[in-house]
Amino acid sequence: MKQLKWRLEAALVRGLFAFSRFLGPLRASNLGGAVARKLGPAIPVSRIARRNLEAAFPQHDAAWREQILRECWDNLGRTMMELPHVARLPQSATGPGWNVLGLENLPSSGRAILASAHMANWEILVPVAAHAGLHLGGFYRAPDNPLVDTLLRDMRDAGPEQPLFPKGAAGARLALKHMMKGGALGLLADQKLNEGLELTFFGHPAMTTSAPAELALRFECPLIPVQIQRLGPCRFHIVVEKPLPWPDSGDRHQDARLLTAALNARIEAWLRERPGEWLWLHRRLPKQFYRGSMEKASGT
């Protein structure tokens, strides 16, 4: 039964990718955005997004938050339908593609930590890093369906080479070897990590990954925030910021905390600037923060 389910899921994903290629990048992105924007707000997971938006922007009314929720779903739908096209998008200031501000802030080669967030289409970070000459690796959570995993890997292999490391102890060891050889890492640092540090996120306690800071300190390499902005269907603007200043408290753990807090502050600033482009569907705050709204929504 499981094998049949896997085959059906893989066939659906394969068909969706083929349909996206048939449509081309612009029409595929527009269709994905339109469908997700229409259907997404009615899906139960949107209750999490509404709670997150209420916590992050209490100064705004419900109508404003619903608009941001629709934009969030629009961006997610576009991102999914853009996946077969992202690896081949060229550098372009007008049509489908991407342009970069602050490219001089990236090292031409060698070790670096590029830290970004689930904004716009985060997959675009790979071709941008390749354009800068960086051998960028990243962490990867494989889908439960191995057939879908193969489809996603084949799709990524069509673009610039990117070593992918599975999340967990084995992947961490591979990532360390990659950096020891002079490679760079691209990390998405905006999701909850229970083993991380408790820092504030929009004024609320939130467990935050310290991996970007820990790796930067260990290898004495720059930690560079990279903001990805959506300008339109399959069109992106990437802002490579200057490396975060190194703390020098004399305490390695304190330095990691200070550097993580600085990165967290940059991500929060991006979200305040362009809230409709982030994945608000994630439980970023503690579990109890969502309990009241979940019970209310279910009528208990």
Inset, instruction - Can you tell me which residue among GLU66, GLU54 is in contact with a Ser or Thr (Cβ under 9 Å, 6 or more places away or on another chain), surrounded by fewer than 19 Cβ atoms within 10 Å (Cβ to Cβ) and closer than 30 Å to TYR290 by Cα? - result: GLU54
Inset, instruction - Kindly provide the set of residues from the range 238-278 that are under 25 Å from GLN67 (Cβ atoms), in contact with a strand residue (DSSP E or B) (Cβ under 9 Å, 6 or more places away or on another chain) and charged (D, E, K, R), ordered by number. - result: ARG266, GLU268, GLU273, ARG274, GLU277
Legend entry - All positions within the range 144-155 that are crowded, with 16+ Cβ neighbours inside 10 Å and not in a helix (DSSP H, G or I): ASN145
Legend entry - Pair list, Cβ < 9 Å and 6+ apart or interchain, from the range 278-300 residues that are over 18 Å from THR200 (Cβ atoms) and modelled with pLDDT of 85 or more to residues that are surrounded by 15 or more Cβ atoms within 10 Å (Cβ to Cβ) and of a type in the set (A, V, I, L, M): LEU279/ALA49; LEU279/LEU76; LEU279/ALA117; LEU279/MET119; LEU281/ILE48; LEU281/ALA49; LEU281/LEU76
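Okay, residues lined up against (1) touching a residue at least 40 places away in the same chain (Cβ under 8 Å); (2) among the acidic types (Asp, Glu); (3) at positive phi:
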position: ALA213; (1), (2), (3): yes, no, no
position: ARG230; (1), (2), (3): yes, no, no
position: ARG252; (1), (2), (3): no, no, no
position: LEU259; (1), (2), (3): yes, no, no
position: GLU273; (1), (2), (3): no, yes, no
Inset, instruction - Can you tell me which residue within the range 165-196, out of those that are hydrophobic (A, V, I, L, M, F, W, C) and surrounded by 18 or more Cβ atoms within 10 Å (Cβ to Cβ), is farthest from HIS253 (Cα to Cα)? - result: PHE165
Inset, instruction - Filter the range 34-91 down to the residues that are part of a helix (DSSP H, G or I) and of a type in the set (Lys, Arg), then identify the one that is nearest to the chain's Cα centre (by Cα). - result: ARG78
Inset, instruction - Looking for whichever is under 30 Å from LEU23 (Cα atoms) and among the aromatic types (Phe, Trp, Tyr) here; the options are TRP280, TRP270. Which one fits? - result: TRP280
Inset, instruction - Could you figure out which of (1) in a helix (DSSP H, G or I); (2) within 15 Å of the chain's Cα centre (by Cα); (3) in contact (Cβ under 8 Å) with a residue 60 or more places away in the chain isn't true of LEU114? - result: (1)
Legend entry - Scan of the range 28-81 for residues that are charged (D, E, K, R) and touching a Pro at 6+ places or on another chain (Cβ under 8 Å), ordered by number: GLU66, ARG70, GLU71, ARG78
Legend entry - Count of residues meeting criterion [surrounded by 16 or more Cβ atoms within 10 Å (Cβ to Cβ) and not in a loop (DSSP other than H, G, I, E, B)] in the range 215-236: 14
Legend entry - Among (1) at positive phi; (2) over 20 Å from the mean Cα position of the chain (by Cα) - the single one ALA120 does not satisfy: (2)
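The values are calculated or read from the model by the stated rules, or taken from the named source; none is laboratory data. Source: prediction; values computed, not measured. In this analysis, Cβ positions are derived from the backbone assuming ideal geometry, glycine residues included, and neighbour counts consider all displayed protein chains.
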